[in-house]
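Here's the structure, in structure tokens; my notes come after.
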Amino acid sequence: MSETSPKLRAELDGIPTYKPGKPAAADGPVAFKLSSNENPYPPLPGVMETAIAAARNFNRYPDMACSGLMNELSERFGVPATHLATGTGSVGVAQSLIQSTSGPGDEVMYAWRSFEAYPIITQISGATSVQVPLTAGEVHDLDAMAAAITERTRLIFVCNPNNPTGTVVRRAELERFLDRVPSDVLVVLDEAYREFIRDAEVPDGLEIYRDRPNVAVLRTFSKAYGLAGLRVGFAVAHEPVAAALRKTAVPFGVSQLAQDAAVASLRAEDELLGRVGSLVCERTRVYEGLVAQGWTVPETQANFVWLRLGEQTLDFAAACESAGVVVRPFAGEGVRVTIGEGEANDVFLHTAEAFRKTLTG
Ligand SMILES: *Cc1c(COP(=O)(O)O)cnc(C)c1O
């Protein structure tokens with residue numbers, strides 16, 4: 001018998017593994033998970049009942065075309081169903097977008113630091129990542145991104161608001177950027193946190209995509225809608241792109257539970273968006289609290305805040321954890337802290353204040 005292992009694609013070497021947010025300790029004093037940008041509220045009763053009802057049939061395959069959800073989305077967002085594609089979370093759809101556009105020799109561009117799934121799904125495809133540093137203010141540098149476009153560029157992610165910094169790009173600068181992108185390069189507006197935006201100058205990607213066949217919008221049910229565990233997201237894009245996404249999607253990827261719960265969530269949107277409103281109030285309280293303590297915090301339009309802590313990052317994360325809140329550290333860079341329930345945010349603010357004092361002496 002030969003000792004060699006099956007041949008695996010060389011592109012897979014060195015792919016960073018996705019680091020999920022650390023769970024809250026099961027046995028700690030109080031433990032809040034502020035590490036994955038999840039919605040802290042439990043599922044709405046109606047959504048829960050719908051999911052339980054769907055669970056009764058899980059011996060059956062789901063509706064492969066997601067027709068119920070597609071119709072609901074089409075109506076809710078005023079887009080033709082032919083412009084929609086669903087997937088296993090918007091990460092699943094993002095992977096299909098890359099698979100549909102890019103392979104070895106091609107370039108996928110995005111800001112850095114941004115969503116950590118981008119380098120992973122790009123490398124899996126065999127395409128090359130082009131990472132354009134954020135500005136000193138932690139915002140997308142759209143001029144530098146436009147300047148970095150080459151003949152090999154196939155797809156550009158614009159994460160708005162950006163994960164993990166929470167910063168946004170506004171209408172005029174985005175339009176100016178899009179005018180500079182060649183029409184055969186796909187621009188993906190990743191709007192995972194769209195519902196948390198309160199800045200009227202931040203455009204809704206669904207307005208932008210209408211006149212621009214090379215723009216696709218990614219949305220998810222994982223954040224504001226509170227369905228992170230069910231894995232469902234979608235893209236809105238013009239027909240050739242949306243059709244390619246439907247071709248490359250994993251067959252039966254979105255469970256019936258997820259499809260039905262997503263429909264129920266859209267129908268319970270008023271209540272869900274009320275919860276989002278409370279989280280936005282908490283966001284303001286946390287942001288202002290941190291600024292009052294002397295921290296430099298980029299203005300955030302998402303359900304998290306970003307603290308650039310450099311070498312102090314891991315110490316800060318450890319201090320939070322011993323106080324009972326788990327945050328998301330990016331070693332050597334900073335921490336991302338999700339806005340959670342009021343009590344969790346209080347614990348975080350107290351910890352940040354105490355840590356700040358150790359820094360300033
Ligand atoms: C959370 C997140 C997503 C969505 O993830 P799902 O796969 O839908 O759970 C997509 N993009 C960004 C930037 C995110 O932060």
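Some observations on this one:
- Which numbered condition Gln301 misses (of (1) touching a residue at least 60 places away in the same chain (Cβ under 8 Å); (2) open to solvent by less than 30 Å² (accessible area, probe 1.4 Å); (3) in a helix (DSSP H, G or I)): (3)
- When the test is whether a residue is hydrophobic (A, V, I, L, M, F, W, C), in a loop (DSSP other than H, G, I, E, B) and in contact (Cβ under 8 Å) with a residue 12 or more places away in the chain, Val79 passes it.
- Taking the stretch 131-151 as the range and being within 21 Å of Ser90 (Cα to Cα) and open to solvent by less than 40 Å² (accessible area, probe 1.4 Å) as the test, only His140 passes.
- Taking the stretch 41-67 as the range and being open to solvent by less than 40 Å² (accessible area, probe 1.4 Å) and within 24 Å of the chain's Cα centre (by Cα) as the test, the residues that pass are Leu44, Val47, Ala51, Cys66.
- Residues being open to solvent by less than 10 Å² (accessible area, probe 1.4 Å) and away from the ligand (no atom under 12 Å from the Cβ) - total across the stretch 209-218: 3
- Tallying residues that are open to solvent by less than 10 Å² (accessible area, probe 1.4 Å) and more than 18 Å from the chain's Cα centre (by Cα) within the stretch 152-168 yields 1.
- When the stretch 100-115 is limited to residues that are within 15 Å of the ligand (Cβ to nearest atom) and either open to solvent by 30 Å² or more (accessible area, probe 1.4 Å) or in contact with a Cys (Cβ under 9 Å, 6 or more places away or on another chain) (or both), the one that is farthest from Asn163 (Cα to Cα) turns out to be Tyr110.
- Count - residues of the stretch 173-205 that are under 30 Å from Glu282 (Cβ atoms), open to solvent by 10 Å² or more (accessible area, probe 1.4 Å) and away from the ligand (no atom under 12 Å from the Cβ): 8
- A single member of Val263, Val305 is assigned by the TED database to the domain that holds Ala117 and hydrophobic (A, V, I, L, M, F, W, C), and it is Val263.
- Those residues of the stretch 79-97 which are over 20 Å from Ala261 (Cβ atoms) and either away from the ligand (no atom under 11 Å from the Cβ) or at pLDDT below 95 (or both), in sequence order: Val79, Pro80, Thr82, His83, Ser96, Leu97
Here's the yes/no breakdown for (1) of a type in the set (Gly, Ala, Ser); (2) closer than 30 Å to Phe58 by Cα:
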| residue | (1), (2) |
| --- | --- |
| Val250 | no, yes |
| Gln256 | no, yes |
| Asp260 | no, yes |
| Pro298 | no, no |
| Gly332 | yes, no |
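- Residue pairs meeting the criteria (Cβ under 7 Å; at least 6 apart or on separate chains; first more than 15 Å from Val187 (Cα to Cα), in the stretch 99-113; second charged (D, E, K, R) and outside any strand (DSSP E or B)): Gly105/Arg152; Arg113/Glu333
- Residues in the stretch 316-347 that are touching a residue at least 24 places away in the same chain (Cβ under 8 Å) and of a type in the set (D, E, K, R): Glu321, Arg328, Glu333, Arg336, Glu341, Glu343.
- When the stretch 224-256 is filtered for residues that are in a helix (DSSP H, G or I) and either open to solvent by 10 Å² or more (accessible area, probe 1.4 Å) or not hydrophobic (A, V, I, L, M, F, W, C) (or both), the ones remaining, listed by number, are Ala228, Gly229, Leu230, Glu239, Pro240, Val241, Ala243, Ala244, Arg246, Lys247, Thr248, Gln256.
- Listed conditions (1) modelled with pLDDT under 95; (2) of a type in the set (D, E, K, R); (3) in the same structural domain as Pro213 (by the TED database) are all met by Glu11, apart from (3).
- Here Leu349 meets the list (1) under 23 Å from the mean Cα position of the chain (by Cα); (2) surrounded by 14 or more Cβ atoms within 10 Å (Cβ to Cβ) almost entirely, failing just condition (1).
- Qualifying residue in the stretch 260-270 (condition: of a type in the set (Gly, Ala, Ser) and more than 16 Å from the ligand (Cβ to nearest atom)): yes
- Hey, Gly277 of a type outside the set (A, V, I, L, M) and surrounded by 18 or more Cβ atoms within 10 Å (Cβ to Cβ) or not: no
The values are calculated or read from the model by the stated rules, or taken from the named source; none is laboratory data. Keep in mind that this is a model prediction, so the values were computed, not measured. With ideal geometry, Cβ positions are generated from the backbone for all residues, glycine too; neighbour counts draw on all protein chains shown. Side chains included, ligands, DNA and RNA excluded: accessible areas come from the protein's heavy atoms. Shrake-Rupley method; radii C 1.70, N 1.55, O 1.52, S 1.80 Å.
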